[in-house]
Amino acid sequence: MLRYLVTLQANDREGLVEQIAHSVSRHGGHWLDSELRHIDGIFAAILLLEVPSAQWDELIETLELLDGVALTYAKTSKPQAKNKHVSYSLVANDRPGLVHQISNKISALGINIEHMSTRYESASHTGIPLFRADFNVGMNSHDEDKLTQALYDIGDDVVLDNLSA
């Protein structure tokens, strides 16, 4: 069995996930992990699949034949795990460059972002535009306090919750 990371994108439509899942199953694939999103009428998926090597080319051909689907893929290997996995929720006043600031602070500490989900929202009572990021990182245990301080250094408006504590 080979492991592949597959990304797909298409105009969203009913039944698309079922078509993809059917194709994977029909070719002996194992759906290990995924993120599926609908954003502004576009369906986007990131899939981690295990597929028998003899079936891989045929699976890709089948997925490419799905109406309007664009895809990319790469063979993967299991990464070495960090000592600790921590989940955070960060809220701040929305402004350009915030994702860059957050990712820069995390990267500067040698910490890996494993998952990140962001969204724009309005504060319930004031209507002020807010940025929210929920993310998971893999790090060494001694880096947690450094990361917390680095994220607070982004600005006085940052509210950070450690969801793992």
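The values are calculated or read from the model by the stated rules, or taken from the named source; none is laboratory data. As the structure is a computational prediction, the values presented were derived from the model and not from experiment. No Cβ is skipped: glycine too gets one built from the backbone with ideal geometry, and neighbour counts run over all protein chains shown. Quick note on the areas: whole protein, heavy atoms, side chains included, nothing else; ligands and nucleic acids left out. Shrake-Rupley method; radii C 1.70, N 1.55, O 1.52, S 1.80 Å.
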The number of Lys pairs in the chain whose alpha carbons lie under 25 Å apart, excluding pairs fewer than 8 residues apart on one chain, is 5
Spelling it out for Leu32: with amide H atoms placed in the peptide plane at 1.01 Å from N, the residues 5 or more places away or on another chain with amide H under 5 Å from its amide H are Leu48, Leu49, Glu50
Taking placed amide H atoms and a strict 5 Å upper bound, the residues 5 or more places from Leu66 or on another chain that come that close are none
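Could you give the DSSP H helices of the chain that reach 27 angstrom or more along their long axis (alpha carbon positions) and whose average Kyte-Doolittle hydropathy is no lower than 1.0? Could you put the intermediate results ahead of the total?
Values: long enough: none.
Counting only whole DSSP H runs, no helix qualifies.
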Note, the stretch 35-45: 3J(HN,Hα) by Karplus (6.51, -1.76, 1.60, θ = phi - 60°), whole Hz, Gly/Pro = x, goes 9, 10, 9, 10, 9, 6, x, 10, 8, 10, 9
Scalar couplings 3J(HN,Hα) for the stretch 85-90 by Karplus 6.51 cos²θ - 1.76 cosθ + 1.60 (θ = phi - 60°), nearest whole Hz, x for Gly and Pro, are 10, 10, 10, 10, 10, 10
In the neighbourhood of Val91 defined by beta carbon distances under 11 Å, the net charge of the other residues (Lys, Arg +1; Asp, Glu -1) is -3
Sorted largest first, the C-alpha extents of the chain along its principal axes in whole angstrom are 54, 39, 24
For Val99 the rounded accessible area (nearest 10 Å², probe 1.4 Å, non-protein molecules ignored) is 70
